[in-house]
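Only one structure is covered here, and it is reproduced in the block below.
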């Protein structure tokens, strides 16, 4: 059975925005699973997202003890036949593909955040690396972003970077 994914990271509420964007919440309502790659900042964001769909998330470097008590540093789950992992930070972009191949040998898709820079590459081993950017803090990017995808029968399809 196909699983509709919404991928986000680095929401930084309330520092970068007072609330989650309405367009994101509409996508959350359409999702079967929300993946958040850390830097929530406040636990109320996790609580709010859980009202829309199940959440698979990790804590980031800006998350305090309350979120660290509820979330792991690395999360792994099989979804739609795909072995998926989530982590906040992967380090510098140079040699990222090689480092992540070594760090996540049994994983098909790795969702990460931290940089606020959208990223979609495939490593030499075939690991798909996805960074959805940030829906609230675009930093040096032209727009705020989030990602959607469909996990189905061991494949990740229809990966879309959505501007906000």
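The values are calculated or read from the model by the stated rules, or taken from the named source; none is laboratory data. Since we're looking at a predicted model, the values are computed, not measured. Please note: Cβ atoms are built from the backbone with ideal geometry, for glycine as well, and neighbour counts cover all protein chains shown.
Descriptive notes on the structure:
- Residue match in segment 22-39 (condition: within 20 Å of residue 137 (Cβ to Cβ), at pLDDT 95 or above, part of a loop (DSSP other than H, G, I, E, B) and in contact with a helix residue (DSSP H, G or I) (Cβ under 6 Å, 6 or more places away or on another chain)): no
- Filtered residues of segment 1-21 (kept if outside any loop (DSSP other than H, G, I, E, B) and out of contact with any helix residue (DSSP H, G or I) (no Cβ under 9 Å at 6 or more places or on another chain)): 3, 5, 7
This table checks each residue for (1) within 19 Å of residue 160 (Cα to Cα); (2) in contact with a strand residue (DSSP E or B) (Cβ under 6 Å, 6 or more places away or on another chain).
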| position | (1), (2) |
| --- | --- |
| 9 | yes, no |
| 13 | no, no |
| 25 | yes, no |
| 29 | yes, no |
| 34 | yes, yes |
| 78 | no, no |
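To keep it simple, each residue is scored yes or no on (1) in contact with a strand residue (DSSP E or B) (Cβ under 6 Å, 6 or more places away or on another chain); (2) over 30 Å from residue 1 (Cβ atoms); (3) at pLDDT below 95.
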| site | (1), (2), (3) |
| --- | --- |
| 74 | yes, no, no |
| 84 | yes, no, no |
| 107 | yes, no, no |
| 118 | yes, no, yes |
| 147 | yes, no, no |
| 150 | yes, no, no |
| 159 | yes, no, no |
| 164 | no, no, yes |
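- Within segment 123-164, tally of residues that are part of a strand (DSSP E or B) and touching a helix residue (DSSP H, G or I) at 6+ places or on another chain (Cβ under 8 Å): 4
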